[in-house]
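Engineer: Okay, here's the structure, questions in a sec.
The values are calculated or read from the model by the stated rules, or taken from the named source; none is laboratory data. Model, not experiment: these values are computed from the prediction. Neighbour counts are summed over all protein chains in view; Cβ atoms, including those assigned to glycine, are modelled from backbone coordinates with ideal geometry.
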Amino acid sequence: MYAGFFVDDIMVARAAVEKYSERAWEVADVRTVKEYRNRGYAHQLCKFVLKYICANNIIPTIRTEEDNYIMQQIISKLGFTELNV
């Protein structure tokens, strides 16, 4: 499932649900068009996708690269904690 954030009929941000097991789904493929960054769109989409996952009684996960500090902030705001596995 993909969710998109539209401005003037143009999708400027997106996020997806990656169903990688029956018990756990990931908030995945979060992207925002460069000109529309820093407006909270990625956070809103991640929150929307997270609610969808939780509404289905599934364990939510999310991940990002070590140097993606903006996404790390979003992940923290959503209430996730880091697992060192």
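Engineer: If you take the residues in the range 33-66 that are acidic (Asp, Glu) and modelled with pLDDT under 95, which one is surrounded by the most Cβ atoms within 10 Å (Cβ to Cβ)?
Structural biologist: 65
Engineer: Right, something else. Name every residue in the range 54-83 that is touching a Phe, Trp or Tyr at 6+ places or on another chain (Cβ under 7 Å) and over 15 Å from residue 30 (Cα atoms), in order of residue number.
Structural biologist: 58
Engineer: Restricting to the range 47-76, what's the tally of residues that are within 18 Å of residue 13 (Cα to Cα) and in contact with a helix residue (DSSP H, G or I) (Cβ under 7 Å, 6 or more places away or on another chain)?
Structural biologist: Count: 3.
Engineer: Still on this structure, I have one more. Taking the range 17-60 as the region of interest, how many residues are of a type in the set (S, T, N, Q) and within 18 Å of residue 73 (Cα to Cα)?
Structural biologist: 3
Engineer: Within the range 67-85, track down each residue that is out of contact with any Ser or Thr (no Cβ under 7 Å at 6 or more places or on another chain) and surrounded by 11 or more Cβ atoms within 10 Å (Cβ to Cβ).
Structural biologist: 68, 70, 73, 74, 76, 77, 78, 80, listed by residue number.
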